[in-house]
Amino acid sequence: MTGSTAHEERTAAAKAVLKRQAIETPSWAYGNSGTRFKVFAQAGVPRTPQEKLDDAAKVHEFTGAAPTVALHIPWDRVEGGPGGYEALAEYATQLGVTVGTINSNVFQDDDYKLGSVTNPDPAVRRKAVGHLLECVDIMDATGSRDLKLWFSDGTNYPGQDDIRARQDRLAEALQTVYERLGDDQRMVLEYKFFEPAFYATDVPDWGTSYAHCLKLGEKAQVCVDTGHHAPGTNIEFIVAFLLREGKLGAFDFNSRFYADDDLMAGAADPFQLFRIMYEVRRGGGLDAESGIAFMLDQCHNIEAKIPAIIRSVMNVQEATAKVLLVDGEALSAAQRGGDVLAANAVLMDAYHTDVRPLLAEVREELGLNADPVAAYHASGWAERIAAERIGGQQAGWGA
């Protein structure tokens, strides 16, 4: 096989994967949200969960790669009990998208000052678990597969609480929720290096999440948030390990510079995103049956929200396209031969490939505009929502 023929085959195979790639967008990215210091309100942001879905549908319309929307409870709570959520899911379907991951919230209530499921007070723990079970009820109503769990639980001072006892409480809560899951449902357990618990965080790293998920069973998976690691952490190693163990359930993509900045995926270190996606591909995570949820977890504060989400989707697509063009045979040969520089060069050649023309072809073959950002701006949607969404409580964290 000639080099040009092999490249053509890789390109054709890459197109097939890119045409079915799905990236979940978060409802909270469309509403007013910001840093720990200030929320800069924007004109036209959603006032209701339905309006968040409207915006998410526009991202999917122009990218063709964002068919699901993650909800956050209580930020996306609707009236009417299960029937209200069934109606919300039907509304999403009418827009051409579906409800995806249900995200719980046990960190914004005054009762959770000392923790939620690991709180020393049994009454607070019962309240927190009750909320998690409510989220499973919502999953039943919306047809969602995944429950996302993130806990801000931890301590700020030595001796504040018993570290081991808190792990026991966490395990008990997770087991209760796990037993409530349906046959086709999963829980994905997120972790965070630190903040807001600065002395000891109860789920501080992938190893803690993995240990709990391993004990729980097949329906418990680890969620890797790319912003939740210590500086210098080799995130792609974590990805490779979890894929090898069959325990990588989801990603939260964003870009991190301090703690958890929630900036656009691949904003300042696109090479890291490329390396992560290479290990995803290497471990079979791009296969249709992998079950991995690729979600953005971003709170846009100074940038326009919908264009930032569109660009994030495009950034993930570009990283994916590049790893799909890696010459696997040449890489394996260099690795077997111990040729360090040749192996690195194979990866770097793929990384330096300009895949924008390839992705433009993919979009055009799908009947989309080759430039999603330009298509969005030309649609007039930004001007329309700024004019129509006036008054009322804007739906977002801290707004």
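The values are calculated or read from the model by the stated rules, or taken from the named source; none is laboratory data. For clarity, every value in this text was computed on a predicted model and none was experimentally measured. Quick reminder, even Gly has a Cβ in these numbers, built from the backbone with ideal geometry, and neighbours come from all protein chains shown. When the accessible area is computed, the model is the full protein with side chains, heavy atoms only, and any ligands, DNA or RNA have been set aside. Shrake-Rupley method; radii C 1.70, N 1.55, O 1.52, S 1.80 Å.
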Within segment 183-236, tally of residues that are of a type in the set (Gly, Ala, Ser) and modelled with pLDDT of 95 or more | 6
Selection count where residues are surrounded by fewer than 17 Cβ atoms within 10 Å (Cβ to Cβ) and over 24 Å from the mean Cα position of the chain (by Cα), scope segment 361-376 | 7
How do the pairs read when you match residues in segment 71-91 that are at negative phi with residues anywhere that are open to solvent by 50 Å² or more (accessible area, probe 1.4 Å) and assigned to a helix (DSSP H, G or I), using Cβ under 6 Å and keeping only pairs 6 or more apart or on different chains?
-> 91/50
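Of all residues in segment 211-259, which are of a type in the set (D, E, K, R) and open to solvent by 10 Å² or more (accessible area, probe 1.4 Å)?
215, 218, 219, 236, 244, 245, 247, 256
Restricting to segment 11-54, and then to whatever is assigned to a helix (DSSP H, G or I), touching a residue at least 40 places away in the same chain (Cβ under 8 Å) and among the small types (Gly, Ala, Ser), can you tell me which residue is farthest from residue 73 (Cα to Cα)? Let's see the steps before the verdict.
Initial filter on segment 11-54 (assigned to a helix (DSSP H, G or I)): 11-20, 27-29, 49-54.
Filter once more, keeping what is touching a residue at least 40 places away in the same chain (Cβ under 8 Å): 11, 13-15, 17-20, 27-29, 49-54.
So of that shortlist, the ones also among the small types (Gly, Ala, Ser) come out as 13-14, 27, 29.
Values: 13: 39, 14: 36, 27: 10, 29: 14 Å.
Ranking the qualifying residues of segment 11-54, first place goes to 13.
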Those residues of segment 268-300 which are modelled with pLDDT under 90 and either assigned to a helix (DSSP H, G or I) or open to solvent by 10 Å² or more (accessible area, probe 1.4 Å) (or both) amount to 268, 288, 299
What are the residue pairs meeting all of these: first residue in segment 113-124, first residue of a type in the set (A, V, I, L, M, F, W, C), second residue open to solvent by 20 Å² or more (accessible area, probe 1.4 Å), Cβ atoms under 6 Å, and 6 or more apart or on different chains?
-> 117/125; 124/111
What are the residue pairs meeting all of these: first residue in segment 157-171, first residue farther than 17 Å from residue 198 by Cα and aromatic (Phe, Trp, Tyr), second residue open to solvent by 80 Å² or more (accessible area, probe 1.4 Å) and assigned to a helix (DSSP H, G or I), Cβ atoms under 6 Å, and 6 or more apart or on different chains?
-> none
Is there a residue in segment 38-58 that is over 20 Å from the mean Cα position of the chain (by Cα), over 23 Å from residue 383 (Cα atoms) and open to solvent by 30 Å² or more (accessible area, probe 1.4 Å)?
-> yes
Going through segment 87-107 one residue at a time, which ones are part of a loop (DSSP other than H, G, I, E, B) and farther than 21 Å from residue 223 by Cα?
-> 96, 97
Taking segment 174-210 and keeping only residues that are in a loop (DSSP other than H, G, I, E, B), closer than 19 Å to residue 290 by Cβ and open to solvent by less than 30 Å² (accessible area, probe 1.4 Å), one is left with 185
Looking at segment 125-152, which of its residues are among the hydrophobic types (A, V, I, L, M, F, W, C) and free of Cβ contacts under 8 Å to residues at least 40 places away in the same chain?
-> none
Do you know which of the residues in segment 108-148 that are open to solvent by 10 Å² or more (accessible area, probe 1.4 Å), in a helix (DSSP H, G or I) and touching a Lys or Arg at 6+ places or on another chain (Cβ under 8 Å) is farthest from residue 196 (Cα to Cα)?
-> 133
Considering segment 66-118 alone, what residues qualify as being within 20 Å of residue 181 (Cα to Cα), within 20 Å of the chain's Cα centre (by Cα) and small (Gly, Ala, Ser)?
-> 70, 89, 100, 104
Scan segment 246-264 and report the pairs whose first residue is closer than 14 Å to residue 280 by Cα and whose second residue is of a type in the set (Gly, Ala, Ser) and surrounded by fewer than 21 Cβ atoms within 10 Å (Cβ to Cβ), with Cβ atoms within less than 7 Å and a gap of 6+ or a chain change.
-> 248/285
Go through segment 59-70 residue by residue and tally those that are open to solvent by 10 Å² or more (accessible area, probe 1.4 Å) and not in a helix (DSSP H, G or I).
-> 3
